[in-house]
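Take a look at the structure set out below.
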Amino acid sequence: MELGLHIADFTFPGGPTALAGDLKKIAVAAENAGFAKISVMDHLWQIEPVGPIDTDMLEAYTTLGYLAAVTEKVDLLAWVTATVYRAPGLLAKAVTTLDVLSGGRAYLGIGAAWNEDESVGMGLHFPPTAERFERLEETLQICLQMWSENEGPFDGKHYQLGRTMNVPQPLRTPHPPILIGGGGEKKTLRLVAQYAQACNLFGGPEVAHKLEVLKGHCDALGTDYDAIEKTVMFPLDPGAGGKNVDTMLGQLEDLSKLGVTHVHGWVPDVASITPLDILGEKVIPAIAQW
């Protein structure tokens, strides 16, 4: 099992003028502590319960490009990209660019999007749920076509591309891994089974059931359930002086027994670096043995 750091809150003590330096310090500390992935949210306004909507928020792919420049080993991704916020061809190019400039460390984390208030406020297209899932599937198809030798057109219900040329291609082969966020049993987990290399679920009593549903979709589609990375979003709070570590290890071990191989989460007071050091000293070495 591995841990990943989700950076959801950019309201650091030094304010916007020190934000770049604080973000670099956090990313470098997480990498040195042994975290496997670093992610940011794909939001333009802050979301509850992280904080008030008018607190600091950075655009995801610009931020990931910066993180690529200040790190060397961690995988980088948006957790998760809102599929309707960018045209699919532009998204494929953004992830490709991130992969090339990071030396092959990009993932495509993606979902159907949910924040209607943010979308309306920023003038972004936000169709009904069924259409967003149709657009998500077409986006996945377009990305995979652009990450292949096929430079032909794409003619979908919602998107039409005259030529899917993508030069350079990603460094990662056969392409940056795709992580689809969400636990919807009829649509989301079916898309994971059909297109993705990783799923993401929220920690809780339903994880075992959701994984069984995913396995059922894999069996029906003839895809390899064991090849899919099982990730769970989970709060990573070691507590003052590491007082929560033993409890956390018990919870992580339970997830490991279900087949979860990556736990990804936000860390309270992350800008102080101390919680990252505790996780690196006491948690990451323990779970690496599972």
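The figures follow:
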read-out: Hull-based mean projected area of region 1-113, where the convex hull spans the alpha carbons, in square nanometres; value: 7.3
read-out: Test item: Cα-centred dipole of the chain, Lys/Arg +1 and Asp/Glu -1 on Cβ, debye; value: 460
read-out: Cross-link pairs LYS25/LYS187; LYS24/LYS93; LYS73/LYS186; LYS93/LYS187 - those with Cα-Cα distance over 28 Å; value: LYS25/LYS187; LYS73/LYS186
read-out: Share antiparallel - DSSP beta bridges, the chain, percent rounded to 5; value: 5
read-out: Portion, in percent, of the accessible area of the chain that falls on carbon or sulfur, probe 1.4 Å; value: 55
read-out: Volume in Å³ per residue [convex hull over Cα atoms, computed for region 53-207]; value: 134
read-out: 1.4 Å probe accessible area per residue over the chain, in Å²; value: 44
read-out: Euclidean distance between Cα centres, region 1-73 to region 81-108, Å; value: 17
read-out: Relative contact order %, region 1-102, counting alpha carbon pairs below 8 Å whose residues are six or more apart; value: 30
read-out: For region 103-119, 3J(HN,Hα) per residue [Karplus equation, 6.51 cos²θ - 1.76 cosθ + 1.60, θ = phi - 60°, Hz, x = Gly/Pro]; value: x, x, 10, 8, 10, 9, x, 8, x, 7, 6, 8, 8, 5, 4, 4, 4
read-out: Whole-number D in µm²/s for region 132-257 (Stokes-Einstein; Kirkwood sum over Cα pairs; 4 °C, 1.567 mPa s); value: 77
read-out: Volume per residue of the C-alpha convex hull in the chain, rounded to whole Å³; value: 133
read-out: 222 nm mean residue ellipticity, helices alone, for the chain (DSSP H n ≥ 4; -39,500 (n - 2.57); rounded to 500); value: -11500 deg cm²/dmol
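The values are calculated or read from the model by the stated rules, or taken from the named source; none is laboratory data. This one's a predicted model, so the numbers in the text were calculated from it and none came from an experiment. Note that each Cβ is placed from the backbone with ideal geometry, even for glycine, and that neighbours are counted across all protein chains shown. For the accessible areas, the whole protein counts, side chains as well, though only heavy atoms, and no ligand, DNA or RNA atoms are used. Shrake-Rupley method; radii C 1.70, N 1.55, O 1.52, S 1.80 Å.
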